[in-house]
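Structure record follows, encoded as structure tokens.
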């Protein structure tokens, strides 16, 4: 029996193919040490895990490896990767699509897959779903209150805790090393930043959030539209796909600049809708698992 690795199937990615789909049964060797598990990804329906190796990005499903080639390695060029390979609008759209797909196909899953997917008991799934659903409803009902709570009650303590952790690591000499004063100073600076941000007014936070989103969307629009003008037909993922994403990103920038308050409300409302869909997904998963446990289907 011949030995095959996932890497052996990836040559088409350099010849205009956007995504290579490899059946797991065709790969005899596990992923080598060069593949690192990725925790942050644009959501994709059916994905149970995601791994990266340089510009290679693979989504693992139950039966397949789905590999595409990012234009930028996120470790070497994180900002370019964010603007070009993970546009804001694409992330929002794919998240909603993935959640809706998961809910829609919940009833057609076989028993073994249901049991494999659930890491929590059905009670905890439902309770978590109700909590997330309730949070999503609150976000949609009061977006300004949500922003105020996150910026003043969540972000500052996180920064302060992270600063303490960095400073503590700097003082840690148990391995026989010296005190890392640079790390200590960085930790203290982050801790102080957390204290200062606690007193930032909501307007400052709102403007900062809008500025980040505007720069992200503008960078995406410029990069995508420039690539279309320069490459035209040599776009593996499709010209129309990138053109629409680029235009919508540009429209988002215009909206943020012309109607900033409404833009904040809409963006937060979208997050609320995503939370609502996520809550429904957890509830459906819990009910589905409960159904299988009470009345399992005979093989």
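Odds and ends about this structure:
- Segment residue 29..residue 195, full-extension length gain: 54.8 nm, with 0.36 nm per residue of separation and the alpha-carbon distance subtracted.
- Pairwise FRET efficiency - residue 185 versus residue 19, Cβ, R0 = 35 Å, nearest 0.05: 0.15
- Cα gyration tensor shape of the stretch 212-291, rounded if a/c is under 1.5, else prolate or oblate by comparing a/b with b/c: oblate
- Structural descriptor for the stretch 6-76: relative contact order 30 percent, calculated from alpha carbon pairs under 8 angstrom and at least 6 residues apart.
- In this structure, residue 130 and residue 254 have a Cβ-Cβ separation that, at R0 = 45 Å, corresponds to a calculated FRET efficiency of about 0.70.
- For Rg and Dmax of the Cα atoms in Å, the value computed from the atomic coordinates appears in the list [x] 19.6, 64; [y] 20.9, 64; [z] 22.6, 66 under label [z].
- Stokes-Einstein diffusion for the stretch 6-76, with the hydrodynamic radius set to the Kirkwood value over Cα pairs and evaluated at 4 °C in a medium of 1.567 mPa s, equals 104 µm²/s.
- The chain, relative contact order [Cα under 8 Å, separation at least 6], %: 22
The numbers here are math on the coordinates, done by the rules we state, and not lab data. None of the values given here were measured: they were computed from a predicted structure. All Cβ positions, even for glycine, are placed from backbone atoms using ideal geometry, and neighbour counts span all protein chains on display.
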